[in-house]
Amino acid sequence: MHEHFNPADANLLARRYLDSLLIEERLVDAQVPDLTLELWGETFASPVMTPAFSHLKPYAEGRESGMLEYSRAAAEANLVNWVGMMENDDYQRILSTGARTIRIIKPYADRDKVLDQLACAARGGSLAVGMDIDHIFGKDGYDVVLGEPMTRQTMDDLKNYVAATPLPFVVKGVLSVQDAVKCAEAGVKGIVVSHHHGRLPYALPPLMILPHIAKALSGSDVKIFVDCAIERGADVFKALALGANGVSLGRHMLPALQEGGVDGLKAYFAGIHQELAFIMGFTGCCTLSDPEPSMLWHHGSPLE
Ligand SMILES: Cc1cc2nc3c(=O)[nH]c(=O)nc-3n(C[C@H](O)[C@H](O)[C@H](O)COP(=O)(O)O)c2cc1C
């Protein structure tokens with residue numbers, strides 16, 4: 001039987017690009033690295049982060065929802081936590097885990113709802129708040145998600161949301177230098193370079209555009225996060241080398257969550273940390289600011 005391959009599937013394209021990046025060694029003077037992440041005045045165990053997920057099913061046998069379990073794992077492992085679409089009462093439950101959370105709000109057509117969720121995030125003491133602007137279009141015009149209409153975001157909208165919250169505002173779904181620069185101009189404090197699990201056919205692999213975005217934003221105070229098809233410590237290292245400050249594991253962490261809950265996920269993250277530290281050691285990287293593009297080779301030449 002032939003396996004069906006969809007050449008437009010951006011998830012596969014992202015995975016293939018990740019696997020096409022090879023790592024050189026820099027061993028002389030190398031030492032065991034420190035994975036500590038400093039972000040907006042807070043200290044985290046590593047640049048490994050949970051994904052902005054939503055609607056993970058509740059588990060049977062007295063276990064709580066997947067959202068709460070992974071947030072609890074993030075809190076216990078001292079990792080940056082992300083969550084996506086949800087109502088305010090569910091978000092309060094996420095905050096009660098103690099996880100330092102970035103809340104990604106949908107681009108609701110109802111802008112009062114966005115403002116209400118921004119205010120809730122600030123009241124609850126979130127790490128940051130933001131919006132996934134890559135969930136604007138559906139198959140038939142603007143998208144409708146679970147019955148709720150979405151809408152486009154203009155520069156004025158972004159500036160208004162930035163001004164409406166005391167928290168750092170993050171735009172999720174940046175896949176061009178143009179949008180990255182517009183976000184910086186709007187006062188955004190973080191972007192997620194992402195194609196949101198391949199919503200756009202033939203979307204660029206996030207790590208392909210990442211170094212261009214990092215160059216365009218160098219010298220700004222905009223933090224750069226990445227997700228899509230990240231599966232192992234080597235992927236996290238490659239993202240750091242190309243300019244990311246933090247990296248989310250997404251669907252790849254789900255089996256660990258489903259099978260092992262909070263402890264399973266903590267063990268999973270420990271494995272990611274182990275490989276990341278191993279590769280940083282092999283490449284002479286002592287801290288997260290040391291990985292750089294020239295450590296990665298693509299088609300026989302180093303990236304610069
Ligand atoms: C079940 C599920 C729910 C998601 N919900 C949201 C959401 O509400 N908001 C959002 O910005 N992204 C959401 N995403 C997208 C993820 O944050 C992430 O961008 C995407 O899964 C790509 O990463 P991956 O390839 O590692 O899974 C969701 C993804 C999944 C699988």
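Just so you know, all these numbers are worked out from the coordinates, no wet-lab data involved. This one's a predicted model, so the numbers in the text were calculated from it and none came from an experiment. Methodologically, a virtual Cβ is constructed for each residue, glycine included, from the backbone with ideal geometry; neighbour enumeration extends over all protein chains shown.
For the range 22-298, the tally of Lys pairs with Cα-Cα distances below 17 Å comes to 16, considering only residues 8 or more apart or on different chains. Relative protection proxy for 18-25, 274-281, from highest mean packing down: 274-281, 18-25 (other beta-carbon atoms within 10 angstrom). 3J(HN,Hα) along the range 135-151, derived from phi through the Karplus expression 6.51 cos²θ - 1.76 cosθ + 1.60 where θ = phi - 60°, amounts to 10, 8, 9, x, 6, 10, x, 6, 6, 10, 10, 6, x, 10, x, 9, 8 Hz, with x in place of Gly and Pro. Contact order for the range 182-304, expressed relative to its length and based on alpha carbon pairs under 8 Å spaced 6+ residues apart, stands at 22 percent.
Here's the picture: charge each Lys and Arg Cβ at +1 and each Asp and Glu Cβ at -1 in the chain, and of Val226, Ile136, Leu39 the one pushed furthest to the positive end of that dipole is Ile136.
Restricting the trypsin sites (Lys or Arg not before Pro) of the range 125-179 to loop positions (DSSP other than H, G, I, E, B) with no more than 13 neighbouring Cβ atoms within 10 Å leaves Lys139, Arg152.
In a reduced charge model with +1 at each Lys and Arg Cβ and -1 at each Asp and Glu Cβ, the range 22-298 shows a dipole moment near 340 debye about its Cα centre. Membrane-span-like helices in the chain (whole DSSP H runs, Cα extent of at least 30 Å along the helix axis, mean Kyte-Doolittle hydropathy of at least -0.5): 254-282. Alpha-carbon geometry of the range 54-202: the Rg and the Dmax are 15.3, 49 Å, given in that order. Sorting the segments 238-244, 54-60, 258-264 by their mean number of nearby beta carbons within 10 angstrom, highest to lowest, gives 238-244, 258-264, 54-60. Quick check: from the Cα gyration tensor, does the chain come out rounded (a/c under 1.5), prolate or oblate? Rounded. Using 0.36 nm per residue and subtracting the Cα-Cα separation, the extra length available between Thr43 and Arg111 on full extension is 21.2 nm. The range 128-166 and the range 15-76 have Cα centres spaced 26 Å apart. Modelled spin labels at Leu22 and Arg63, positioned 7 Å past Cα toward Cβ, are 4.0 nm from each other. Per residue, the average separation of C-alpha pairs within less than 8 Å and at least 6 apart gives the chain a relative contact order of 23 percent. Applying the criteria of a DSSP loop state and at most 14 other Cβ atoms within 10 Å to the GluC sites (Glu not before Pro) of the range 45-142 yields Glu61, Glu87. For the listed peptides 42-50, 96-104, a ranking on the average number of other beta carbons within 10 Å per residue, highest first, reads 96-104, 42-50. Please list, by residue number, every one of the chymotrypsin sites (Phe, Trp or Tyr not before Pro) in the range 152-224 that is coil in DSSP and has at most 11 other beta-carbon atoms within 10 Å. Loop-located and lightly packed - Tyr202.
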